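The numbers here are math on the coordinates, done by the rules we state, and not lab data. Source: prediction; values computed, not measured. Neighbour counts are summed over all protein chains in view; Cβ atoms, including those assigned to glycine, are modelled from backbone coordinates with ideal geometry.
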Amino acid sequence: MATAAEIEKQAEAREVRNRWFLSAPALIIILLAASGPLLIVLFYSFLTPGPYGDVVWKFSTEGWVSVFLERDIFDDTLSFASAHLTIFWRSLKLALMATVATLVFGFPTAYFIATRPERTRDIWLFLITIPFWTNLLIRTFAVLQVIRNEGLINTALINLGIIDQPIQMLYTDFAIMVGMVYVYLPLMVLPLYASMEKLDFRLVEAGYDLYATRWQVLKRIIFPLVRPGVVAGSILVFIPAIGAYVTPSVLGGGKNMMFANLIELQFGQGRNWPLGAALSITVMAIVMVALLVYVRNTSGSEVRHG
Amino acid sequence: MAKRFSIKQQTGFTTIAFACFFLLYLPIAVLVIYAFNESSSVSDWGGFSLRWFAAAWSNQQVVDASWRSLKIASSAAIIATIAATMAALATTRTRAYRGLTFKYAFINQPLMVPEIVTGVALLIFFAQIKISSGYTGLGYLIAAHTAFCIPFAYLPIRARLENMDLTLERAAADLYATPWKAFRRVTLPLLWPGIIAGLMLAFVISLDDVVITEFVKSGGQDTLPTYMLGQIRRGITPEVNAISTVFLLLSVVIVTLFFFMSRKRD
């Protein structure tokens, strides 16, 4: 005969089993149309490119070799693939610069919202949320129209007599950075706001009581307290920025490629799927490193699920 | 005049904040204004006109792409919301069990991977399936969209479940309601706002997607965003502004609904 403890144990096991059934559809969909295919990418990076795209089922490390190196077509010697390295460097540089710039602009903005009275705070928050949920392509397109040679900025500067030739801003690295700062700013402001909202201003007051200057209060009290928000915001901006596709294709033109454009090229005209796959894994590795930094920076502080 | 010392004030912060809000809306405003331009240029103002809206409306490609976008977004959002609701019920209000952390991580996984990588992965995977099954319909796009919509739908539903009062369900059980009845008559009505919020988020996210769609679509399966990307690359007419304006309006309406619904909850 089953004891009470056994019956309870069975009930618990049934409960856990039911919970797996309930979560099965979500897990299966994500496995089939998101996570699983990532493993196939890893697999493909070790195959041989086919003549018209796709792959030939033959093991090869050439895809990985050509991520960093290029083979001379005459004597087969290897040298650094400077074109690729330039693109990696541009992607990293622009993603980091965009992260810093969104922090510089986002920090005061989030602080401003967090220090508004309860009633108006929601309205400011709403104004940040709207761009966040509007189409990224449309927002990038909006930036394009402002910084074009015939756009608002150049027209205004010419009419004011400051310049007589339009400044070429579109199709430069600068344009990509401006575009990324513009589209990813809400991703920085929202987590910053979430941690500033909880800020205990009695600590700030104590700082002033002890003769701290405004700058000292900001640096020694506010900044350390909202650090989780700073880290979260930076990660949220850096990850999409390093893999950005729309912004560099619209604002960078054909010359100023980033990681994503290089990957796309391998699946299009490049017809080198293994190289494209290896490049994709490389981007993912960079993102994983960023996430690890994030986890290391937040563990220890009181961060919980939800 | 002596200004009262405010401890919340930081030098220059308000100015930067106002500049941010201004710069955030300036490009959007320019885009919307030029949608109403009479001339075919996006830099010279030729007077007010609705001709570009009419042009977009009678452009069969735009109409087709819009329908396709709506079809994909509504299918993906509905499937994702149902799957996310079930997953949320399975991962909240429980003691920790083996696999719970794994489930969290797995459901949120699409958020951690750059879109370009998911796009490439699906391109490779679906290319194989297309060859072996011969099916080239919208199913692939719907499946891809559903997968990346699930974490977005899951968020508000889980938040709602976690804040829910458990005593009501217990009361229902005490009054001999079967688990299904208690769920349908007590839990579900309480959960409803979270489900609607999740559905709207998923819908907007699907509607906005460019990158994954660009890689997964077969020939002639342009959605509105991928159609627009093609147009922008080719050179621009105010027609794209007109389409963007309508698109923006739709997003703003959905976000506003979402915002007021989540505010009422608190």
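Observations
- Selection from B:Leu166, B:Ala76, B:Cys149 lying farthest towards where the dipole of region B:61-265 points positive, charges on Cβ: B:Leu166
- Fully extending the segment from A:Lys255 to A:Glu70 would add 64.6 nm, taking 0.36 nm per residue of separation and subtracting the current Cα-Cα distance.
- Relative packing of B:48-55, A:191-198, which averages over residues the other C-beta atoms within 10 Å, highest first: A:191-198, B:48-55
- Cα-projected label distance for A:Val104 with A:Glu150, points at 7 Å along beta-carbon direction, nm: 3.2 nm
- Computed [θ] at 222 nm, helices only, for chain B once each DSSP H run of length n ≥ 4 contributes -39500 (n - 2.57): -24500 deg cm²/dmol
- Whichever lysines have a C-alpha closer than 24 Å to that of A:Lys93, once near sequence neighbours (fewer than 8 apart) are set aside: A:Lys255
- In this label model, B:Asp44 and B:Trp67 are separated by 3.8 nm, measuring between points 7 Å along each Cα→Cβ vector.
- Estimated from the Cβ-Cβ distance and a Förster radius of 51 angstrom, the FRET efficiency linking A:Lys219 and B:Leu175 is about 0.30.
- DSSP assigns beta bridges within the protein assembly as shown; of those with both partners inside it, close to 75 percent run antiparallel.
- Across peptide A:14-21, the average count of Cβ atoms from other chains found within 10 Å of a residue's Cβ is 4.
- Cβ-Cβ distance of B:Thr136 and A:Lys58, R₀ of 35 Å, FRET efficiency by 1/(1 + (r/R0)^6): the value works out to about 0.80.
- Exposure proxy order (Cβ contacts within 10 Å, fewest to most) of B:Phe125, A:Phe21: A:Phe21, B:Phe125
- Taking every C-alpha pair closer than 8 Å and separated by at least 6 residues, the mean separation divided by the residue count of chain B gives a relative contact order of 31 percent.
- Selected from B:Ala19, B:Ala177, B:Ala80 as most flexible by GNM, with chain B as the system and alpha-carbon contacts under 10 Å: B:Ala19
- Region A:54-208: relative contact order as a whole-number percent, Cα under 8 Å and 6+ apart: 27 percent
- Paramagnetic reach from B:Leu249 (point 7 Å along Cα→Cβ, amide N under 18 Å) across region B:69-97: B:70
- Placing a label point 7 Å from the Cα of B:Ala55 along the Cα-to-Cβ line, the residues of region B:1-42 whose backbone N sits under 16 Å from it are B:31-42.
- For the options B:Ile243, B:Ile107, B:Ile129, a Gaussian network treatment of chain B with springs between C-alpha atoms closer than 10 Å singles out B:Ile129 as fluctuating the most.
- Choice from B:Trp180, B:Trp45, B:Trp57 showing the highest fluctuation, given a GNM over chain B with Cα pairs closer than 10 Å: B:Trp180
- Counting, for every residue in A:105-115, the Cβ atoms of other protein chains within 10 Å of its Cβ and taking the mean gives 6.
- Sorted peptide list for A:40-50, A:26-36, criterion being average Cβ within 10 angstrom, highest first: A:26-36, A:40-50
- Averaged over peptide B:85-91, the number of partner chain Cβ atoms lying within 10 Å of each residue's Cβ comes to 6.
- Prolate/oblate/rounded label for the protein assembly as shown (Cα gyration tensor, a/c 1.5): rounded
- Residues of region A:9-37 with amide N under 18 Å of a point placed 7 Å along Cα→Cβ from B:Gln128: A:28-37
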